[in-house]
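Supplied in structure tokens, the structure appears directly below.
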Amino acid sequence: MIEFATAEQTAFALMEKAGIEIPDDYLGGIEAMANKEDESLSSFVLNAMMENWQAAKDDRRPMCADTGLPRYYIKVGNEAKLEGGFVALEKALRQATARATQEIPLRPNRVHPLWR
């Protein structure tokens, strides 16, 4: 059985990873382009991107101020059992998103119009 806390912690960890880390092959491609680039502006921009990603990794902060809207695509097998059922899974994902917004921190993209 998948426990509620496991679902919440896993969702939080995935949001943190998505906001902070860059896959090695992607970063390698950007580095290769920066090394081949002849134009000074293009080279400057690519190098600034790499510096930003390194700072995000070192500081454990999101690499971009706008981290987008969270979306979860979940596949489960026929035998999957979740503590509290699938309604609890939605609650775990909402909790993880709220926690990530505060702790990572992510930019709050949706706020209550009266109670921000």
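Every residue in the stretch 75-86 that is small (Gly, Ala, Ser), exposed (fewer than 13 other Cβ atoms within 10 Å of the Cβ) and assigned to a loop (DSSP other than H, G, I, E, B), please.
Gly77, Ala80
Being closer than 20 Å to Glu103 by Cβ and either surrounded by 15 or more Cβ atoms within 10 Å (Cβ to Cβ) or of a type in the set (S, T, N, Q) (or both) narrows it down to one of Ala55, Ala11, Ala34, so name that one.
Ala11
Considering each of Ala92, Ala88, Ala80, Ala56 in turn, give the residue that is under 20 Å from Pro23 (Cα atoms) and among the aliphatic types (A, V, I, L, M).
Ala56
Quick one: which of Phe4, Phe44 is loosely packed, with under 13 Cβ neighbours inside 10 Å and at negative phi?
Result: Phe44 is the single residue among Phe4, Phe44 that is loosely packed, with under 13 Cβ neighbours inside 10 Å and at negative phi.
When you go through Glu79, Glu83 one by one, which is the residue that is in contact with a strand residue (DSSP E or B) (Cβ under 8 Å, 6 or more places away or on another chain) and among the acidic types (Asp, Glu)?
Glu83
Where the second residue is surrounded by 11 or more Cβ atoms within 10 Å (Cβ to Cβ) and at pLDDT below 90 and the first is under 11 Å from Met50 (Cβ atoms) and lies in the stretch 28-40, which pairs have Cβ atoms under 7 Å and are six or more apart or on separate chains?
Once the first residue is under 11 Å from Met50 (Cβ atoms) and sits in the stretch 28-40, its partners that are surrounded by 11 or more Cβ atoms within 10 Å (Cβ to Cβ) and at pLDDT below 90 give Ala34/Ser43.
Here's another thing I want to ask about it. Quick one: would you say Leu89 is farther than 16 Å from Pro105 by Cβ, touching a strand residue (DSSP E or B) at 6+ places or on another chain (Cβ under 6 Å) and either in the same structural domain as Arg107 (by TED's automatic domain parsing) or in a loop (DSSP other than H, G, I, E, B) (or both)?
yes
The values are calculated or read from the model by the stated rules, or taken from the named source; none is laboratory data. In this text the structure is predicted, and so the values were computed from the model without any measurement. Cβ atoms come from the backbone with ideal geometry, glycine included; neighbour counts cover every protein chain shown.
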